[in-house]
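J.: Below are the structure tokens for one structure; questions will follow.
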Amino acid sequence: MMSLNQELDQSFRSDRYRLGKEKTRYYVLTANLRNEPYKVYVIDRESIVRETEANSLNDAKKKAMELLQAYNDEYRLSDVTMCHFKENRGWEKDRDQYPEIYENKYRNSNKRGSGEVMNETVTGIFNLSAYQTIFNEADTTNRCRTVLDTIHPEIKAFFERFCRDNNLLTENRVIKDYSVTLTTTYHDSKNPKLSEQKKNTKIGKKYYIALNEKIGEQEVNLLTLELNGVDQKLYISVDSTFLPMWYLMRVDRLMPAIQHLSEDVYIYFQSDWFKKEQVSRTDFKPVFTTFRKQRKRPYYHFGTELSLHGQISQKELEIRLLNVWGNTGFIKEKLLEEKEWDKQGNELLDLFINEGYSEDTIQLLEHSYSLIFGEVDNFKSKARRQAFSIHDQDQLITKGFIIFYEIDETISPNQVICVAIEGHDHIYSNVRDLVLKDEAEWWIKKVFTTRHSDNTELSKKAMVLLNKHGFETEGNSYYVGTYNNETKSFNKEIRAIKKELVTASLLFAYVSERLELPDTNPDRLDPNEDESEEIIKVKFVSNFSFRDIHETIANSQFTFSIDIIRDFHLNLTALDDKHFVILNGISGTGKTQLCRLYANAVYGLDYESENPYLTIIPVRPDWMDATALFGYYSSFEKKYVMTEFLQVLISAQKERDKPHFIVLDEMNLARVEYYLSDYLSAVESRKEILLHNREDVTDISQKINIPPNVYVLGTINVDETTHSLSDKVLDRAFVMTLSDVDFDHYWSTLDQSVKLMVSNEYDILCDIHNDLKSFDLHFGYRTMNEMIQKLVRNKELDEEFSLGSMPALDRVISEKMLPKLRGDERMAELLATLKTKFQGHFGEKSQSYGHILRMEKELERYGATQFWR
């Protein structure tokens, strides 16, 4: 049950004290907590600016109004609302109109004389040394409270007045400050559950206030005043995140703006939240390029600084603010321009996103197929996608996605449309550039980067095929359509453009031999046609930053807690020269998926993307020695027989800067210590492994070592078909267990149409899953997903052919859940529970009830039972 303190804290976070339709600027609040003094708060625009305690309600009301008067003596009663918090009643407006009583009884008679000085800000002086002393406070709670009570009201009042006096505030501009973060941290630090976590945080060691301009739903910073207690400096600057800068750099708009900057304006980058580093104009571009290649995304600042010591007059600070405002005009202009393009680029994407489910036909290699587009759903942060599938009659040929990126942070800082088929991106096109002109033709350049293939020849064949399918081509580019930025429309229907994008992608997949299609015209290609091509190699850059890896995995459609991801990451990276992790768990919990997710996340790739540095090797039961991994010399074939494992080791030696991931899937189907013994010895001793001793074999060296950029991951299941792991293996690996599943998250990822069809069945499956879990007989995501898919397919059949909901559920439980049931007399309670539930859901004539009844009788007779007879 939530405590009263927690209830009050939650009410602050959700602004429940803002009662009624008319919102006011100031809220004076009192809270009555059991066995504690009354809490008193003054809130200005969602920020707690004053706080104290009182012994009675009347005293609390008076202190609240006194705090408001001390905070801003110029307040108006029309801007004030007083509310009280009581247990089991929440927030209620003051019924006595106490603000008016206070106005008449106290405030008017206690007006200060015009010559009285309350604090240094009245005299026009800011004591910067005093601010630095506050930032130096070691205790997070006290520091945040003091910043809120002292620095926040003084700087905010000054900055707001500065903006008003200089006509900087307009309808689409807003002032933002650090008070919300400070207030949240303050309350969290007083929460026993969070206090230890917040104990050593740096929050409260700085304060900032900023003027931003709204463009659509986003904002551009125009001016920021920051007091930084870590750097011990006061900064005045125009700030930007990395991505807008990246785009402006890409379209050659950033460097000219930087050259126009006054010499008084410094450039900073900020990779750490509290530390800024200067960069010269000369070094700006190479440093920026390094960040981009390393997938680092620092903040940038353009402005000036001064020491956070001594004093500064309000007049001098205002002059410095105005200087930065005037000297950064070109930068602000470009940032506003970029955000406007961003808004227009999103409007362009919306044309495609709003075109939902549809069915069509598509012509490929003189053969007709069905093309079905699903609904557009959320893919990850700043990206949505639409599934499509290709069918020949009722047979699925392939499926893929059109992905609509507002921003693809790993590759492109702007709107992108990508078409992926079976995990490989065949089209990746920047579409924001289409909004830079009044009217723009959309040409997509196709570059093949297939390993071990003649990519020039593939490009020629692809352009020939596109021509034969009605596309206009030029070199290795093809025309999609023309976009009119004034009318916000293409010269073709969006549905037709999507169809053409899918057609082109299927042809590219076919040419690169990633997709087999029936070929009714084998002479379709003209290999002699000469077209020039520029080959652009896709560079895979690894990044073991846990923050980036976790963000990529969290944005995927899979469910893994931060505890699992962190443990997996640490197990893989804790040792510099040995990386061996084994994942144990019931079938279908995502062991192999986690391996692929992590390996792709290291390279900034989505789960479905093809990763040349990830190899998944299914282990065979007949692996009896090291030749299964390292190959052998065949006397019959007179050559060395290569294996996938050995190919990865050779590649890893050539590309030492690239981590290579190997997944040994279901590795205990064979005895691990038999086939993995050479590897285990080599990583411990750092000695080479002997592959062969023949002088006539020149394509494979006689010995090989295990380079430190090889990461071996193993998945295991424990049942009667598998082998246990020996101590030799266990001593050399980190072993993780994945048995918990989060079906709530799985359910949240499904289409709404699916949920409406099978919500009742899903609830029953979850209920049975919980029963099975108590006996360690539960199932994973794979089983749940396959059962849901069958139930949905059943409901999609014509009514005369489909099963009823409960008979269909009965069948799927009998086929997917019950076959794994086996055990001794300890199962008696489970069988009794399942029999009662199956009788209630399906009746005594159902398959599931019949199986459980039989198993009960076998258990009573033999002392053990199983699903199989």
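The values are calculated or read from the model by the stated rules, or taken from the named source; none is laboratory data. Just so you know, these numbers come straight off a predicted model, no measurement behind them. No Cβ is skipped: glycine too gets one built from the backbone with ideal geometry, and neighbour counts run over all protein chains shown. Note: areas computed on protein heavy atoms with side chains; ligands, DNA, RNA excluded. Shrake-Rupley method; radii C 1.70, N 1.55, O 1.52, S 1.80 Å.
J.: Kindly evaluate Met255 against the criterion of being under 19 Å from Phe330 (Cα atoms) and surrounded by 18 or more Cβ atoms within 10 Å (Cβ to Cβ).
T.: No.
J.: Considering only the range 384-427, how many residues are assigned to a strand (DSSP E or B), closer than 22 Å to Arg295 by Cβ and modelled with pLDDT under 90?
T.: Number of matching residues: 4.
J.: Does Lys790 fit the bill of being basic (Lys, Arg), in contact (Cβ under 8 Å) with a residue 12 or more places away in the chain, more than 26 Å from Gln866 (Cβ to Cβ) and open to solvent by 30 Å² or more (accessible area, probe 1.4 Å)?
T.: Answer is no for this residue.
J.: Would you point out the residue of the range 849-865, among those that are hydrophobic (A, V, I, L, M, F, W, C) and either in contact with a Pro (Cβ under 9 Å, 6 or more places away or on another chain) or open to solvent by 40 Å² or more (accessible area, probe 1.4 Å) (or both), that is nearest to Ala808 (Cα to Cα)?
T.: Across the range 849-865, the extreme among qualifying residues is Leu853.
J.: For the range 539-626, give me every one of the helices (runs of 4 or more DSSP H) that falls completely inside it and has 3 or more residues that are open to solvent by 50 Å² or more (accessible area, probe 1.4 Å).
T.: Output list reads 546-554, 562-573.
J.: Looking at the range 404-449 only, could you name the residues that are of a type in the set (S, T, N, Q) and either over 22 Å from the mean Cα position of the chain (by Cα) or on the phi > 0 side of the Ramachandran plot (or both)?
T.: Selection gives Thr449 alone.
J.: Could you count how many residues in the range 41-67 are open to solvent by less than 40 Å² (accessible area, probe 1.4 Å), touching a residue at least 40 places away in the same chain (Cβ under 8 Å) and more than 19 Å from Leu19 (Cα to Cα)?
T.: 1
Listed here are the residues, each with its yes/no results for (1) open to solvent by 30 Å² or more (accessible area, probe 1.4 Å); (2) out of contact with any Gly (no Cβ under 9 Å at 6 or more places or on another chain); (3) of a type in the set (Ser, Thr, Tyr).
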{"position": "Thr456", "(1), (2), (3)": "yes, yes, yes"}
{"position": "Met463", "(1), (2), (3)": "no, no, no"}
{"position": "Glu472", "(1), (2), (3)": "yes, yes, no"}
{"position": "Ser477", "(1), (2), (3)": "no, yes, yes"}
{"position": "Thr482", "(1), (2), (3)": "no, yes, yes"}
{"position": "Phe508", "(1), (2), (3)": "no, yes, no"}
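J.: On the basis of being open to solvent by 40 Å² or more (accessible area, probe 1.4 Å), of a type outside the set (Ser, Thr, Tyr), in a loop (DSSP other than H, G, I, E, B) and over 26 Å from Ile155 (Cβ atoms), does Glu22 make the cut?
T.: Against the criterion (open to solvent by 40 Å² or more (accessible area, probe 1.4 Å), of a type outside the set (Ser, Thr, Tyr), in a loop (DSSP other than H, G, I, E, B) and over 26 Å from Ile155 (Cβ atoms)), Glu22 qualifies.
J.: Given (1) out of contact with any strand residue (DSSP E or B) (no Cβ under 7 Å at 6 or more places or on another chain); (2) in contact (Cβ under 8 Å) with a residue 40 or more places away in the chain, where does Val220 come up short, assuming only one miss?
T.: So Val220 meets the others, but not (1).
J.: Being more than 20 Å from Lys773 (Cβ to Cβ) and either touching a His at 6+ places or on another chain (Cβ under 7 Å) or among the hydrophobic types (A, V, I, L, M, F, W, C) (or both) is the filter here, so list the residues in the range 791-831 that pass it.
T.: Leu791, Val792, Leu797, Phe801, Leu803, Met806, Ala808
J.: Is it true that Asp15 is crowded, with 18+ Cβ neighbours inside 10 Å and within 21 Å of Asp177 (Cα to Cα)?
T.: When the stated conditions are applied, Asp15 does not pass them.
J.: Here's something else I'd like to know. Go through Asp824, Asp798 for me and flag whichever is surrounded by fewer than 16 Cβ atoms within 10 Å (Cβ to Cβ) and in contact with a strand residue (DSSP E or B) (Cβ under 6 Å, 6 or more places away or on another chain).
T.: Only one candidate passes the filter, namely Asp824.
J.: Of all helices (runs of 4 or more DSSP H) completely enclosed by the range 630-720, which ones contain at least 1 residues that are over 21 Å from His569 (Cβ atoms), free of Cβ contacts under 8 Å to residues at least 40 places away in the same chain and touching a helix residue (DSSP H, G or I) at 6+ places or on another chain (Cβ under 9 Å)?
T.: 644-654
J.: Test each condition in (1) out of contact with any helix residue (DSSP H, G or I) (no Cβ under 6 Å at 6 or more places or on another chain); (2) surrounded by 19 or more Cβ atoms within 10 Å (Cβ to Cβ) for Ser846 and report the one that comes out false.
T.: Checking Ser846 against (1) out of contact with any helix residue (DSSP H, G or I) (no Cβ under 6 Å at 6 or more places or on another chain); (2) surrounded by 19 or more Cβ atoms within 10 Å (Cβ to Cβ), the one that fails is (1).
J.: Continuing with this model, one more query. Determine whether the range 192-208 contains at least one residue that is at pLDDT below 90 and among the hydrophobic types (A, V, I, L, M, F, W, C).
T.: Yes.
J.: Give me the residue from the range 680-720 that is farther than 22 Å from Ala670 by Cβ and of a type in the set (Gly, Ala, Ser) and, out of that set, farthest from the chain's Cα centre (by Cα).
T.: Ser701
J.: Those residues that are over 28 Å from Asn717 (Cβ atoms) and acidic (Asp, Glu), I need them from the range 764-805; list them, please.
T.: Glu796, Asp798, Glu799, Glu800
J.: When the range 466-479 is examined, which residues are found to be farther than 15 Å from His426 by Cα and either assigned to a helix (DSSP H, G or I) or β-branched (Val, Ile, Thr) (or both)?
T.: Result: Asn467, Lys468, Thr473.
J.: Sticking with this one: Can you name every residue in the range 706-751 that is surrounded by fewer than 16 Cβ atoms within 10 Å (Cβ to Cβ), within 15 Å of Leu680 (Cβ to Cβ) and charged (D, E, K, R)?
T.: Answer for the range 706-751, where residues must be surrounded by fewer than 16 Cβ atoms within 10 Å (Cβ to Cβ), within 15 Å of Leu680 (Cβ to Cβ) and charged (D, E, K, R): Asp727, Lys728, Asp731.
J.: Could you please find all residues in the range 156-188 being open to solvent by less than 60 Å² (accessible area, probe 1.4 Å), part of a helix (DSSP H, G or I) and out of contact with any Ser or Thr (no Cβ under 9 Å at 6 or more places or on another chain)?
T.: Phe159, Glu160, Phe162, Cys163, Thr181, Thr184, His187
J.: Ok, one more. Show the residue pairs that are 6+ apart or on different chains and have beta-carbon atoms under 8 Å apart, the first residue being within the range 480-501 and within 17 Å of Tyr428 (Cα to Cα), the second being of a type in the set (Lys, Arg).
T.: These pairs meet every condition: Gly481/Lys492.
J.: Name the one entry in Lys488, Lys498, Lys446, Lys437 that is of a type outside the set (A, V, I, L, M) and farther than 28 Å from Met249 by Cα.
T.: Exactly one of Lys488, Lys498, Lys446, Lys437 is of a type outside the set (A, V, I, L, M) and farther than 28 Å from Met249 by Cα, namely Lys498.
J.: Can you find even one residue in the range 775-785 that is open to solvent by 80 Å² or more (accessible area, probe 1.4 Å) and at positive phi?
T.: yes
J.: Hey, another quick one. Among the residues that make up the range 316-329, is at least one of them under 30 Å from Tyr131 (Cα atoms) and touching a helix residue (DSSP H, G or I) at 6+ places or on another chain (Cβ under 7 Å)?
T.: yes
J.: Kindly indicate whether Lys837 is without any contact (Cβ under 8 Å) to a residue 12 or more places away in the chain and within 30 Å of Ser561 (Cβ to Cβ).
T.: no
J.: Given Val447, Val419, which one is crowded, with 21+ Cβ neighbours inside 10 Å and either among the β-branched types (Val, Ile, Thr) or more than 25 Å from Glu355 (Cβ to Cβ) (or both)?
T.: Of the residues listed, the single one that is crowded, with 21+ Cβ neighbours inside 10 Å and either among the β-branched types (Val, Ile, Thr) or more than 25 Å from Glu355 (Cβ to Cβ) (or both) is Val419.
J.: If you don't mind, there's one more thing I want to ask. Which numbered condition in (1) surrounded by 13 or more Cβ atoms within 10 Å (Cβ to Cβ); (2) at negative phi; (3) of a type outside the set (Val, Ile, Thr) is the only one that Glu263 fails?
T.: So the condition that Glu263 fails would be (1).
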